[in-house]
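J.: The structure follows.
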Amino acid sequence: MSNYHIKNFPEYFHVYRNSVRNPELFWEEIAEEHFLWREKWHKVVSWDFSKPEIKWYEGAKLNITENCIDRHLYTNAHKTAIIFEPNNPDEEAQHITYKDLHERVNQMANVLKSKGIQKGDRVCIYLPMIPELAISLLACARIGAIHSVVFAGFSSTALSTRINDSECKMVITSDGSYRGAKTIDLKGIVDEALVSCLCVEAVLVVNRINSEIEMKPERDFWIAPLLAEASKECAPEIMDAEDPLFILYTSGSTGKPKGMVHTTAGYMVYTAYTFKNVFQYTKGDVYWCTADIGWITGHSYIVYGPLANGATTVLFEGVPNYPNYGRFWEIVEKHKVNQFYTAPTAIRALAKEGVDFVDHHDLTSIKVLGTVGEPINEEAWHWYDDNIGKKKAPIVDTWWQTETGGVMITPIPFSTPTKPTYATLPFLGIQPVLMDENGNEITGNQVDGKLCIKYPWPSIARTIWGDHQRFKDTYFSTFKNMYFTGDGALRDEVGYYRITGRVDDVIIVSGHNLGTAPIEDAINEHPAVSESAIVGFPHDIKGNALYGYVTLKETGESRDHDNLRKEINQMITEQIGPIAKLDKIQFTEGLPKTRSGKIMRRILRKIACKDTSNLGDTSTLLNPEVVQDIMDNVL
Ligand code: WTA
């Protein structure tokens, strides 16, 4: 079967047509021919978006780590699975072969077992980008434990919320982490978080920065001595297709973060198949995705997708500007990277520093470039194309989400003609539609609407941990029988899609999804604050930045506004993390509200964007007078 590897545009169309005409047959063939199953499924897919209930490969039995590791041992045991590139360029890179990975994952899995972790238990992983991070995910999967990775830039409060939500029994962390010239005290953050987490019985600690830390007796264990004692063999737990593989939290427009649950078989099939095609990975290539494994991009396209294909995947600990802005290109040259996948925000930040940092590096190894996480603007697209791909490497602008598990709309390199700022066409098996305000599908081209998907794909999230109703309300209730993405999109004259941005209260800052509600909650905890509203405004590098309108309590005393701004950002850093800090904070007498008391964010957004020509009718507001005042004092 050639379906597994699409090589040209007519073939894409041909296979796409088959994939949507007969999805069951299509996904059955992909699954049958490319993976290791302990038992076959009896049904490829069953689904009902109204409940919603979605199952793929029901009845099948497997272990994803057998697919990502063991099966490569027969032919590729000594091939490099992971290249670890440390934060400090003077520290030697590590090449971890499939055989090494097998041993290290098994040892870690045995350590987890020895500390009481069993199938179905949740394990929180709060680690920097070091090999132990990938190994921990795989070790959980080996024994059927459900991993919940929390990005190591989140604060202790954010960490404890996530640990408690899924009742993790264990946390895997490190003494600290390197980030450019700085070190971060990760274990200290974990200790603070655990004050309010009664569910955690054990903490495993990787020694990364050799720092003096406190180890709580009976709870905290250095991992190295345990690993040294552990057996290098660990029989994989045989899992059902629909057993949860992991939970990954994403921000919602309201309330607490949503723990998206991904299951085993469908996630494996889809991430492996998309990886192969979206990057046109061929044997011997070195692939590098610069994301953090703390996000879905890292789960699917640093760990599971590449390893399921027996690929070599780079894991980079550091940041793009350390020791200088040429670091990415130095790494590309050093490891002869063939596929390079990053975020528009990184491209914009590097472009701003000029091409000098690029020019003295040999980038001829690059075959395919990718972007993900937010819309890419035309300027950044061309800079990437001209200076990094030298106009020879197709750019795959991949649109997808934590909820979708894998890439959904993307060019296939060397097949789909690219178009700047367009994610272009649906991946095989994906059926996007645009919907109007009245819930009708918008047909034809040169139209725009709300982006939905009308048929399930194997790696769609199955639920929100502990809150299936919220899963239904958020994704399946806006449009009948559709998965609603929360994004707006347009379809051009040839049917190419361009994602225009969020249509809900999620704001994407530097590629990170931030819900407005949790940030407002954090601000409102400041004793001087009465109310607040957050909106996004365009930012050259971050894509969007956050603008906060804050009203203060009338205490009679005057407060130093600059100090207050610092304190408010400090509150946000503590509650969420530095990624959610506000760029601008305007203190106002009031916030514009409807007569029913709802804050009119649309007006606030326009003012923050300095787009006040068309504010609409403000006379129906409860307090129209505040609008002028806000406009007069805009920052
Ligand atoms: C946005 C990241 C435009 C979108 C994999 C989506 C994009 C949200 C693109 C999901 C793209 C992602 N073009 N927008 N190529 N890729 N987005 O869950 O708004 O961190 O809904 O998943 O990022 O972000 P998440």
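J.: Give the residues of the range 506-519 that are crowded, with 20+ Cβ neighbours inside 10 Å and away from the ligand (no atom under 16 Å from the Cβ), sorted by residue number.
T.: ILE519, the sole residue that qualifies.
J.: Go over the candidates THR371, THR312 one by one and state the one that is away from the ligand (no atom under 16 Å from the Cβ) and either basic (Lys, Arg) or crowded, with 19+ Cβ neighbours inside 10 Å (or both). Steps first, answer last, please.
T.: Details: THR371 fails: away from the ligand (no atom under 16 Å from the Cβ).
Being away from the ligand (no atom under 16 Å from the Cβ) and either basic (Lys, Arg) or crowded, with 19+ Cβ neighbours inside 10 Å (or both) holds for just one of THR371, THR312, which is THR312.
J.: Another question, if that's okay. Quick check on this structure: which one of LEU245, LEU307 is away from the ligand (no atom under 16 Å from the Cβ), within 18 Å of ARG162 (Cβ to Cβ) and crowded, with 24+ Cβ neighbours inside 10 Å?
T.: Selected residue: LEU245, the only one of LEU245, LEU307 that is away from the ligand (no atom under 16 Å from the Cβ), within 18 Å of ARG162 (Cβ to Cβ) and crowded, with 24+ Cβ neighbours inside 10 Å.
J.: For the range 503-514, how many residues are farther than 16 Å from ILE296 by Cβ and modelled with pLDDT of 90 or more? Spell out the reasoning first.
T.: Step one: filter the range 503-514 for residues farther than 16 Å from ILE296 by Cβ, giving 503-505, 507, 509.
Cutting the leftovers down to modelled with pLDDT of 90 or more gives us 503, 507, 509.
So the answer is 3.
J.: How many residues does the range 416-445 contain that are more than 16 Å from the ligand (Cβ to nearest atom), open to solvent by 10 Å² or more (accessible area, probe 1.4 Å) and closer than 14 Å to ASN277 by Cα?
T.: 0
J.: Can I ask one more? Taking the range 205-234 as the search range and keeping residues that are in contact (Cβ under 8 Å) with a residue 40 or more places away in the chain and under 29 Å from the mean Cα position of the chain (by Cα), which one is most open to solvent (accessible area, probe 1.4 Å)?
T.: Per the stated criteria, the residue is ARG208.
J.: Would you check if GLU91 is touching a strand residue (DSSP E or B) at 6+ places or on another chain (Cβ under 7 Å), exposed (fewer than 14 other Cβ atoms within 10 Å of the Cβ), acidic (Asp, Glu) and more than 28 Å from SER415 (Cβ to Cβ)? Step through it out loud before you land on a result.
T.: Numbers: touching a strand residue (DSSP E or B) at 6+ places or on another chain (Cβ under 7 Å): no; exposed (fewer than 14 other Cβ atoms within 10 Å of the Cβ): yes; acidic (Asp, Glu): yes; more than 28 Å from SER415 (Cβ to Cβ): yes.
So GLU91 does not fit the description; no.
J.: In addition: Is it the case that GLY590 is among the small types (Gly, Ala, Ser), surrounded by 12 or more Cβ atoms within 10 Å (Cβ to Cβ) and more than 22 Å from VAL509 (Cβ to Cβ)?
T.: Criteria met by GLY590.
J.: Here's a follow-up. Select from the range 530-563 the residues that are within 11 Å of VAL509 (Cβ to Cβ), part of a loop (DSSP other than H, G, I, E, B) and not charged (D, E, K, R) and list them in ascending order.
T.: Once the filter is applied, which keeps residues that are within 11 Å of VAL509 (Cβ to Cβ), part of a loop (DSSP other than H, G, I, E, B) and not charged (D, E, K, R), the range 530-563 yields only ILE541.
J.: So, restricting to strands (runs of 3 or more DSSP E) that lie completely within the range 112-213, which ones have at least 1 residues that are in the same structural domain as GLU233 (by the TED database) and over 28 Å from TYR325 (Cβ atoms)? Please lay out each step first, then the result.
T.: Working: elements: 122-126, 146-149, 170-174, 177-179, 182-184, 202-206.
Qualifying strands (runs of 3 or more DSSP E): 122-126, 146-149, 170-174, 202-206.
J.: Take ILE579 and tell me if it is touching a His at 6+ places or on another chain (Cβ under 9 Å) and outside any loop (DSSP other than H, G, I, E, B).
T.: Spelling it out, ILE579 is indeed touching a His at 6+ places or on another chain (Cβ under 9 Å) and outside any loop (DSSP other than H, G, I, E, B).
J.: Any residue in the range 454-471 that is open to solvent by 50 Å² or more (accessible area, probe 1.4 Å), under 20 Å from the mean Cα position of the chain (by Cα), away from the ligand (no atom under 12 Å from the Cβ) and not assigned by the TED database to the domain that holds VAL626?
T.: Of the range 454-471, the ones open to solvent by 50 Å² or more (accessible area, probe 1.4 Å) are 454, 465-469.
Within this subset, residues satisfying the condition of being under 20 Å from the mean Cα position of the chain (by Cα) are 465.
Imposing the further condition that a residue be away from the ligand (no atom under 12 Å from the Cβ) reduces the set to 465.
Those still in the list that are not assigned by the TED database to the domain that holds VAL626 too: 465.
There is at least one residue in the range 454-471 that is open to solvent by 50 Å² or more (accessible area, probe 1.4 Å), under 20 Å from the mean Cα position of the chain (by Cα), away from the ligand (no atom under 12 Å from the Cβ) and not assigned by the TED database to the domain that holds VAL626.
J.: Counting only residues that are of a type in the set (A, V, I, L, M) and surrounded by fewer than 24 Cβ atoms within 10 Å (Cβ to Cβ), which one in the range 389-412 is farthest from the ligand (Cβ to nearest atom)?
T.: It comes out as ALA393.
J.: If a residue must be part of a loop (DSSP other than H, G, I, E, B) and in contact with a Phe, Trp or Tyr (Cβ under 9 Å, 6 or more places away or on another chain), how many such residues does the range 259-285 contain?
T.: Matching residues across the range 259-285 total 4.
J.: Out of ALA291, ALA351, I need the residue that is within 24 Å of ALA181 (Cβ to Cβ), away from the ligand (no atom under 16 Å from the Cβ) and open to solvent by 20 Å² or more (accessible area, probe 1.4 Å). Which one?
T.: It is ALA351.
J.: Read through the list (1) in contact with a Leu (Cβ under 9 Å, 6 or more places away or on another chain); (2) more than 24 Å from PRO23 (Cα to Cα), then give the number of the only condition that LEU451 fails.
T.: (2)
J.: What about GLY188, is it out of contact with any strand residue (DSSP E or B) (no Cβ under 7 Å at 6 or more places or on another chain), modelled with pLDDT under 95 and surrounded by fewer than 19 Cβ atoms within 10 Å (Cβ to Cβ)?
T.: No: the conditions fail for GLY188.
The values are calculated or read from the model by the stated rules, or taken from the named source; none is laboratory data. For clarity, every value in this text was computed on a predicted model and none was experimentally measured. Cβ coordinates were reconstructed from backbone atoms using ideal geometry, including for glycine residues, and neighbour counts include every protein chain displayed. Remember, those area values only see protein heavy atoms, side chains included, never the ligands or the DNA or RNA. Shrake-Rupley method; radii C 1.70, N 1.55, O 1.52, S 1.80 Å.
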